[in-house]
1. Filter the range 38-56 down to residues that are exposed (fewer than 15 other Cβ atoms within 10 Å of the Cβ) and part of a helix (DSSP H, G or I) and give me whichever is nearest to the chain's Cα centre (by Cα).
2. Which of the following residues is among the hydroxyl-bearing types (Ser, Thr, Tyr), touching a residue at least 24 places away in the same chain (Cβ under 8 Å) and touching a His at 6+ places or on another chain (Cβ under 9 Å): Tyr72, Tyr61?
3. For the subset of the range 57-84 comprising residues that are touching a helix residue (DSSP H, G or I) at 6+ places or on another chain (Cβ under 7 Å) and among the aliphatic types (A, V, I, L, M), which member is surrounded by the most Cβ atoms within 10 Å (Cβ to Cβ)?
Amino acid sequence: MRINQIKKHLLYSFIATITLGLAPMGDPHIFGKIKWVKGGAVGMKPMDWFDLFLHGTPWLYFCVIICLLLYYWLNLLKNNKLKN
């Protein structure tokens, strides 16, 4: 993946995280669902798991893009140091 593609995906993932990952804007569902799962997920129905997946996917996408960006920059730094 090129750096321009990674930057474009970074913008998309940021927008997705802000809009869907933090919905609704008052108290985001993702935080409540994570607390529920950490507490043993007692009483969670399939709709709750889908809601966790729906609100968690943008966060996962954002983290993957950040890791790709860091990997790209670290390789770039390593290659520049080897040339000098």
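Since every read-out is calculated from the coordinates, none of them should be taken as a lab result. Bear in mind that the values here come from a model prediction, so they are computed numbers and not experimental data. Glycine gets a Cβ as well: all are built from the backbone with ideal geometry, and neighbour counts include every protein chain shown.
1. Here the answer is Phe53.
2. Among Tyr72, Tyr61, only Tyr61 is among the hydroxyl-bearing types (Ser, Thr, Tyr), touching a residue at least 24 places away in the same chain (Cβ under 8 Å) and touching a His at 6+ places or on another chain (Cβ under 9 Å).
3. Checking each candidate, the answer is Ile65.
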